[in-house]
Amino acid sequence: MHKTLLETQNLIKELLGQVDTENKVSVIIAPTFVNLSTAVDLTKKSDITVAAQNMHFENSGAYTGEISAEMLQSIDVDTVILGHSERRAYFCEDDEILKLKAIQAYKKSMTNIFCVGEKLAERKENKHFDIVEKQLKNALFTLPAEAFEKIVIAYEPVWAIGTGETASPEQAQEMHQFIRKVIETQYGKTVAENIRILYGGSVKPGNAKEIFSKPDVDGGLIGGAALNTKDFNAIIEAGKS
């Protein structure tokens, strides 16, 4: 919940003036719902994709305050973030709700950036692999293999978001490798190798290159650093190497 309309416009214009993404990295921005249409207009002539931060699992109905896939697609938004740790923590989104949202994204041919990750207590109790595997299986594994052509997994160690703490590159690699193995067990090696897995836990210009250098880390889900064009662009540049 950052940036007014004017602030969003200024941030995107700054980003367009600095970022060179051609043939090297994919850049996706996810502003608040009220600024999505403006973001789409501003980025039309660029390689930057606009995503929504969430959506409902029904086409329409008496769900005050919610946004449907069809509403998003009507303004040319075809990418959505689902299961973000803050949605899980503050808005009680559980695996069953996220399964319905993932099914809806698949039905509507939307790109689904699906977030998984453990809390600090769960990692300290060595339950982090179990938690992430459960989140993947419960929400995504009713989908057919073809659905994974439009799914991106984002691993968010919740204990490393907004705390200044960051999982080590080795910890990120370990979990990303595990996620790929879980997907391979269910859907086969080809699906597992082709899926993009992003790391989302306090990625900054100073640590991005080392994190992105790991073989199973395909990019980042950037939070606070994306609110500053200089920092965000430095992370994008790190992704090119």
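The values are calculated or read from the model by the stated rules, or taken from the named source; none is laboratory data. If you're wondering where the values come from, they're calculated on a predicted model, not measured in any experiment. Note that we place each Cβ from the backbone using ideal geometry, even for glycine, and neighbour counts take in every protein chain shown.
Couple of notes before you dig in:
- ALA69 being in contact (Cβ under 8 Å) with a residue 60 or more places away in the chain, closer than 30 Å to GLU96 by Cα, in contact with a strand residue (DSSP E or B) (Cβ under 9 Å, 6 or more places away or on another chain) and of a type outside the set (Phe, Trp, Tyr): no
- Residue match in the stretch 78-89 (condition: out of contact with any Lys or Arg (no Cβ under 6 Å at 6 or more places or on another chain), assigned to a loop (DSSP other than H, G, I, E, B) and either aliphatic (A, V, I, L, M) or without any contact (Cβ under 8 Å) to a residue 12 or more places away in the chain (or both)): no
- All positions within the stretch 184-203 that are surrounded by fewer than 18 Cβ atoms within 10 Å (Cβ to Cβ) and under 22 Å from ILE28 (Cα atoms): GLU193, ASN194, ARG196
- Restricting attention to the stretch 41-50 and to residues that are within 18 Å of the chain's Cα centre (by Cα) and outside any strand (DSSP E or B), the residue that is nearest to MET1 (Cα to Cα) turns out to be ILE48.
- Looking across LYS119, LYS150, one residue alone is touching a residue at least 40 places away in the same chain (Cβ under 8 Å), on the phi < 0 side of the Ramachandran plot and within 17 Å of the chain's Cα centre (by Cα). It is LYS150.
Rundown of residues vs (1) among the β-branched types (Val, Ile, Thr); (2) buried (at least 17 other Cβ atoms within 10 Å of the Cβ); (3) under 21 Å from GLU237 (Cβ atoms); (4) modelled with pLDDT under 95, yes/no style:
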{"site": "VAL19", "(1), (2), (3), (4)": "yes, yes, yes, yes"}
{"site": "GLU22", "(1), (2), (3), (4)": "no, no, yes, yes"}
{"site": "SER26", "(1), (2), (3), (4)": "no, no, yes, yes"}
{"site": "PRO31", "(1), (2), (3), (4)": "no, yes, no, no"}
{"site": "ASN35", "(1), (2), (3), (4)": "no, yes, no, no"}
{"site": "SER46", "(1), (2), (3), (4)": "no, no, yes, yes"}
{"site": "PHE57", "(1), (2), (3), (4)": "no, yes, no, no"}
{"site": "GLY83", "(1), (2), (3), (4)": "no, yes, no, no"}
